[in-house]
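Read the structure below first, then the notes.
The values are calculated or read from the model by the stated rules, or taken from the named source; none is laboratory data. All figures in this text were calculated on a predicted structure; none of them were measured in a lab. Here the Cβ positions follow ideal geometry from the backbone for every residue, glycine too, while neighbour counts run over all protein chains shown. Side chains included, ligands, DNA and RNA excluded: accessible areas come from the protein's heavy atoms. Shrake-Rupley method; radii C 1.70, N 1.55, O 1.52, S 1.80 Å.
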Amino acid sequence: MPTTLIAFLGACTLIAASPGPSTVLIIKQSLHSRRSGFLTVLGNETGVFIWGVVAALGLTALLTASEIAYDVMRIGGAVVLVAFGIQALRQARRTKGAAAPGGWESTGRTGWAAYRAGLLLNLANPKAAVFALSFLPQFVPEGAPHLLWGYLPRP
């Protein structure tokens, strides 16, 4: 058990430390305000939780069994990531050279928008999906309750 825990923690650290679209969004939102950055992180972590619950409820098995379901998820995620990229480019053009305040005050973006951006980006992020649906199940003890552990055991 201690060897498995050490391997799990090491792998999680490496995966979490590799930057991805969520990291970029969190940094971008944090430049608007600390509040926006915090709410984006909260949305991102809600997405992590949702991935774990969905994996525990059987999405892993569905994606393994259905090529169509896998393609829908993969293409849908890619579309959302491209949409976020286009939105970021548009916003960068509109705010050329504008300095962002750094406090908890509002910057014109609602808290809901920052939270939603973090949540949607995480749910569309292939790294988050792979982590929850294929990586985590390797560490589930045999016979453990699925929802308690947050993912399905390997077949």
Members of region 1-54 found to be out of contact with any helix residue (DSSP H, G or I) (no Cβ under 9 Å at 6 or more places or on another chain) and more than 25 Å from Ala88 (Cα to Cα), listed by number
Met1, Pro2, Thr3, Ile6, Leu9, Gly10, Thr13, Leu14, Phe49
Evaluate region 1-16: report whether one residue or more is closer than 26 Å to Trp112 by Cα and open to solvent by less than 60 Å² (accessible area, probe 1.4 Å).
no
For region 55-69, how many residues meet the condition of being open to solvent by 50 Å² or more (accessible area, probe 1.4 Å) and modelled with pLDDT of 80 or more?
3
What single numbered condition from (1) surrounded by fewer than 14 Cβ atoms within 10 Å (Cβ to Cβ); (2) of a type outside the set (A, V, I, L, M); (3) at pLDDT below 80 fails to hold for Arg90?
(3)
If a residue must be modelled with pLDDT under 65 and aromatic (Phe, Trp, Tyr), how many such residues does region 96-126 contain?
1
Being closer than 20 Å to Ala124 by Cβ, at pLDDT 85 or above and either open to solvent by less than 30 Å² (accessible area, probe 1.4 Å) or not hydroxyl-bearing (Ser, Thr, Tyr) (or both) is the requirement here; does Gly37 meet it?
yes
